[in-house]
Amino acid sequence: MALLAYNRGLKLSSPGYPVVGVGFTGSLASSRPKFGDHRFYLSTRTSDRLSVSTVTLSKGLRTREQEDTVSSHLLLKAIANACKVQAASVSHLTESDLSDEHETHFSEDQELEQLVDGKICFKVYPFSSETCTSTAERKIILSGSFNPLHDGHIKLLEVATSFCGSGYPCFEISAVNADKPPLSVSQIKDRIKQFEKAEWQERQ
């Protein structure tokens, strides 16, 4: 669920802005007795980290409202951790409750492998300093193999941007193509380096 939310967030966000996907599901106390455990699962996904928590609450210890409070506080804490901001550290769990947390960190290569495998929809490399200040809601995308990147590509995107007016210009490298083998991680990184070099030369 967090991965689906993360991919949805990538599609809706402006290029270069950090995205957090959040997933939550559970079976808590209700007006009727439950045969199974009172438990919930929550997860968060960012570009380089996946966090998953499973919490089993002691049956009969809390009302539905109290279980909602416990799960809500832990969910907010998980979101804060994913955003790397401080959150209240008050724990509403007791010794009889069971909590299991697992966190996985991803390197750049692992992110690109997930991209090739179709697990994430895209990965953004924001080379321009304007990325974090742009308020453009739409993207102007020039897709290609960029093998190699040349002045014609750059001028073509510049012309497209001038015609479209407001919009954030983006180059798109297709890692997976219908009529070609998918690019390897090393190939993707080599092609990305061309844009880093082009951005550096533009500043000179």
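Please state, rounded to one decimal and in Å, the Kirkwood hydrodynamic radius that the range 2-105 gives when every pair of distinct Cα atoms enters the mean of 1/r. The partial results should precede the final answer.
Values: mean 1/r = 0.0678 Å⁻¹.
About 14.8 Å, per the Kirkwood formula over Cα pairs.
How many percent of all Cα-Cα pairs in the range 52-126 sit more than 20 Å apart? Of the Cα pairs, 50 percent sit more than 20 Å apart. Of all lysines in the structure, the ones whose alpha carbon falls short of 19 Å from that of LYS180, not counting any fewer than 8 places away in one chain, are LYS189. Couplings for the range 173-180, taken from phi via the Karplus curve 6.51 cos²θ - 1.76 cosθ + 1.60 with θ = phi - 60°, read 9, 7, 6, 10, 10, 5, 10, 9 Hz in order; Gly and Pro are left as x.
In this structure the amide hydrogen of ILE120, modeled in the peptide plane, comes within under 5 Å of the amide hydrogens of LEU115, none closer than 5 places in sequence on its chain.
Assuming R0 = 22 Å, what is the FRET efficiency of LEU3 and SER186, from their Cβ-Cβ distance, to the nearest 0.05?
Details: r = 25 Å, r/R0 = 1.13.
Step by step, r from the Cβ atoms, then E = 0.35.
Take every pair of alpha-carbon atoms less than 8 Å apart whose residues are at least six positions apart; their mean separation over the length of the range 108-203 yields a relative contact order of 32 percent. Whole-Hz Karplus values for the range 110-120 come out as 5, 4, 5, 5, 5, 5, 4, 7, x, 6, 10 Hz, taken residue by residue from phi with 6.51 cos²θ - 1.76 cosθ + 1.60 and θ = phi - 60°; glycine and proline positions read x. The charge dipole of the range 43-86, taken about its Cα centre with unit charges on the Cβ atoms of Lys, Arg (+1), Asp and Glu (-1) only, comes to about 100 debye.
Only Cα pairs under 8 Å and at least 6 apart count here; give the relative contact order of the range 5-115 as a rounded whole percent.
Working: 154 pairs, mean separation 28.2, N = 111.
It comes to 25 percent, rounded to a whole number.
Computed over the chain, the P(r) curve from all C-alpha pair distances, binned at 10 Å from the origin, holds 7, 27, 27, 18, 12, 8, 2, 0 percent per bin. With the simple model of a label 7 Å out from the Cα in the direction of the Cβ, LEU12 to ASP117 spans 2.6 nm. Counting only lysines at least 8 places from LYS84 when in the same chain, those with an alpha carbon closer than 24 Å to its own are LYS11, LYS119, LYS123. Around the Cα centre of the chain, unit charges on the Cβ atoms of Lys, Arg, Asp and Glu (plus for the first two, minus for the last two) sum to a dipole of about 460 debye.
Restricting the range 56-127 to GluC sites (Glu not before Pro) that sit in a DSSP loop and have at most 12 other Cβ atoms within 10 Å of their own Cβ leaves GLU95.
The relative contact order of the chain, computed from alpha carbon pairs under 8 Å that lie at least 6 residues apart in sequence, is 18 percent.
Comparing ASP100, ASP48, ASP117 in a Gaussian network model of the chain (Cα springs below 10 Å), the most mobile by mean-square fluctuation is ASP100. The simple spin-label model puts a point 7 Å past each Cα toward its Cβ; for LYS34 and ASP68 those points are separated by 1.4 nm.
Per the Debye calculation on the range 108-203 with a single equal scatterer at every Cα and no solvent contribution, log₁₀ I(q)/I(0) for q = 0.12, 0.18 Å⁻¹ amounts to -0.42, -0.95.
Here, each number is a calculation from the coordinates, and none is a lab measurement. Since we're looking at a predicted model, the values are computed, not measured. For neighbour counting, all protein chains shown are included, and Cβ atoms are generated from backbone atoms with ideal geometry for every residue, glycine included.
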